[in-house]
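Below you'll find the structure, written out as structure tokens, and then a few comments.
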Amino acid sequence: MRAIDVRDLLERPGSARTVKVREPVPGLQTELAEVPVDTPIAGELTLESVIEGIYVTGSVSGRMVFRCARCLKEFDRDFDVELRELFVREPGPDDDYALGPELELDPEPMVRDAVVLDMPFSPLCTPDCLGLCERCGGDRNLGECSCAEPVDPRWAALEGFREEP
Ligand SMILES: [Zn+2]
Ligand SMILES: [Zn+2]
């Protein structure tokens, strides 16, 4: 994501400006979720000049691709995350974001943090996904499992053995 020149805002405390962003952000990926690199993240950010720096509010949205944690099927869903962050001029140990040396504001780390935080740890294709059969690997949602009777052949043999007089 391109950095935004905010020198004009910093010169006039109390002033604000709204900017539109629409760019892909690389590397947005966890084990079961990702924002594909060719999918842009778009949104509107309001930049407000405050004493400490620039206060950013707004939201960004895009599309995430998931792999279901139970059945491993791929599916996608739109996301929309709120942003509310302060970019300080002089970063201290407690500040998450700072303006760059040329007094530019790079929204990418903030967008990256917010989107990754929004990624579900355990995405499910449907809340009641039945998952895969532990024995045959069939998708239980499709009724593909062929081992409906939970009888292990070894136990069946033992049962037969016990029935002998
Ligand atoms: Zn599933
Ligand atoms: Zn099965």
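The values are calculated or read from the model by the stated rules, or taken from the named source; none is laboratory data. It should be emphasised that the depicted structure is a prediction, and the values quoted were computed from it without experimental measurement. Here the Cβ is made from the backbone with ideal geometry for all residues, glycine too, and neighbour counts use every protein chain on show.
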Hey, PHE66 modelled with pLDDT of 95 or more, closer than 15 Å to LEU117 by Cα and of a type in the set (A, V, I, L, M, F, W, C) or not = yes
Restricted to the range 8-47 and to residues being under 13 Å from the mean Cα position of the chain (by Cα) and in a strand (DSSP E or B), the residue modelled with the lowest pLDDT is GLN29
Please find, within the range 123-135, the residue that is farthest from ligand 2 (Cβ to nearest atom) out of those that are over 19 Å from ASP76 (Cα atoms) and surrounded by fewer than 12 Cβ atoms within 10 Å (Cβ to Cβ).
-> GLU134
